Amino acid sequence: MSGSPYKITVWSERMDELFGYMPKKTADDHSNELIAPMPGKVHSIAVSEGTKVVAGQEMCVLEAMKMQNVLRAPKDGKVKKIYPKVGQNLNLDDKIMEFE
């Protein structure tokens, strides 16, 4: 027999009713921020506050597991604030820069 496997969850009527009371998760808006995609150490920062940047421009280099990862601007804009200093350790999802 051919077909596609699907993972499903079956709830009781009571479970469905209770699920309606759970708070809805909303996605955070990080469109004006550069966020650390992994834990690592800030190796270098290529821009300064007030710099106008274009999408794809190198913003900083994050060193993780002895590899240097270039982080680029997600869109055109102006750097409003830079949070870490060179040499500072970052955790996953730490804010690196904020754009106007």
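Residues of the stretch 22-38 with amide nitrogen under 12 Å from the 7 Å Cα-to-Cβ point of THR9? Hits in the stretch 22-38 for THR9 at 12 Å: 22. For CYS60, nonlocal amide neighbours, meaning residues 5 or more places apart or on other chains whose placed amide H falls under 5 Å from its own, are ALA46, LEU71. On full extension, the segment bounded by SER44 and TYR83 gains 12.8 nm, given 0.36 nm per residue less the C-alpha separation.
Given 0.36 nm per residue, what is the gain on full extension from VAL54 to MET67 after removing their alpha carbon distance, in nm?
2.2 nm
The lysines whose alpha-carbon is closer than 18 Å to the alpha-carbon of LYS52, local same-chain residues fewer than 8 away aside, are LYS75, LYS78, LYS80, LYS81. Summarising the label geometry, the points placed 7 Å from Cα in the beta-carbon direction at LYS25 and ASP76 lie 3.5 nm from one another. Sparsely packed loop sites in the stretch 1-33 (the trypsin sites (Lys or Arg not before Pro) outside DSSP H, G, I, E and B with at most 13 other Cβ atoms within 10 Å) comprise LYS7, LYS24, LYS25.
Think of a 1.4 Å ball rolled over the protein heavy atoms: the chain then has 78 Å² of accessible area per residue.
For the chain, the Cα gyration tensor yields ellipsoid semi-axes of 39, 18, 15 Å (square root of five times each eigenvalue, largest first, whole Å).
The values are calculated or read from the model by the stated rules, or taken from the named source; none is laboratory data. Remember, it's a predicted structure, so these values are computed and weren't measured experimentally. Backbone-built Cβ (ideal geometry, glycine too); neighbour counts: all protein chains shown. Protein only, heavy atoms only, side chains kept; ligands, DNA and RNA dropped before computing areas. Shrake-Rupley method; radii C 1.70, N 1.55, O 1.52, S 1.80 Å.
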